[in-house]
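Only one structure is covered here, and it is reproduced in the block below.
All of the numbers you see were taken from the coordinates with simple rules; none came from a lab. These numbers were taken from a predicted model, which means no experiment stands behind them. Neighbour counts are summed over all protein chains in view; Cβ atoms, including those assigned to glycine, are modelled from backbone coordinates with ideal geometry.
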Amino acid sequence: MRSKKIQRLAGMLEVLVALALAVNILAVLMVPAFVLTDPDHFLNGAWKMLERLLHPGEDDVAAAGWAGLFLGWFFALPDIVTLREADTAGLMLFFGGCGLCTAVILRQAWDILAGIRRGQPFRMDNARAMARAAVCCWVIAGLALVRCLWGLRLGDLSPLFTRNALFIPVFFTGGLLCMVMSALFRQAAELKEDRDLTI
């Protein structure tokens with residue numbers, strides 16, 4: 001009875017993770033448009049861009065805005081490759097890299113929840129999924145560290161007091177926790193395999 005409840009809960013969580021993954025992928029596609037709208041404030045740029053698209057003015061061409069929103073990476077690629085606008089390109093790479101890593105983490109969570117829903121939580125696949133999530137957490141922490149160091153290059157200490165600086169310890173610790181969970185899943189899978197062979 002209890003395992004059925006856990007499997008139902010895993011099924012509901014699986015749906016929520018799938019929705020979060022879809023939203024995350026959409027957000028990654030929109031990163032260049034948001035950054036180019038307001039390079040100094042990412043969320044402000046996102047708000048301005050979406051406001052213009054949802055409430056276009058008399059002279060705005062809404063179709064062009066929607067196309068630009070999803071084709072932004074193609075427009076931004078020359079700036080990223082040549083580092084013509086180094087700060088803007090770095091910001092796009094940071095948010096794009098973090099978004100891709102987050103998508104991988106969500107995908108790993110979805111795979112683990114699918115295994116739990118099927119009644120097979122202790123498998124080597126889940127241990128590997130947790131290890132992949134740990135690596136992605138460390139990549140995000142590394143990207144945040146590089147962005148922080150990039151901000152410090154002019155001798156300004158303000159990047160140390162931003163949300164970006166908070167990403168470093170949070171995602172580094174998250175990676176450590178994922179590795180611990182990976183080791184636990186691996187140990188449980190080995191014990192289950194030994195027990196199945198003994199029987």
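Results, tabulated for the structure shown:
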| read-out | value |
| --- | --- |
| Condition check for G155: more than 18 Å from G90 (Cα to Cα), part of a loop (DSSP other than H, G, I, E, B) and not β-branched (V, I, T) | yes |
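To keep it simple, each residue is scored yes or no on (1) touching a strand residue (DSSP E or B) at 6+ places or on another chain (Cβ under 8 Å); (2) in a helix (DSSP H, G or I); (3) within 28 Å of V35 (Cβ to Cβ).
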| site | (1), (2), (3) |
| --- | --- |
| R107 | no, yes, yes |
| L113 | no, yes, no |
| I116 | no, yes, no |
| P121 | no, no, no |
| W150 | no, yes, yes |
| V170 | no, yes, yes |
| E190 | no, yes, no |
| D196 | no, yes, no |
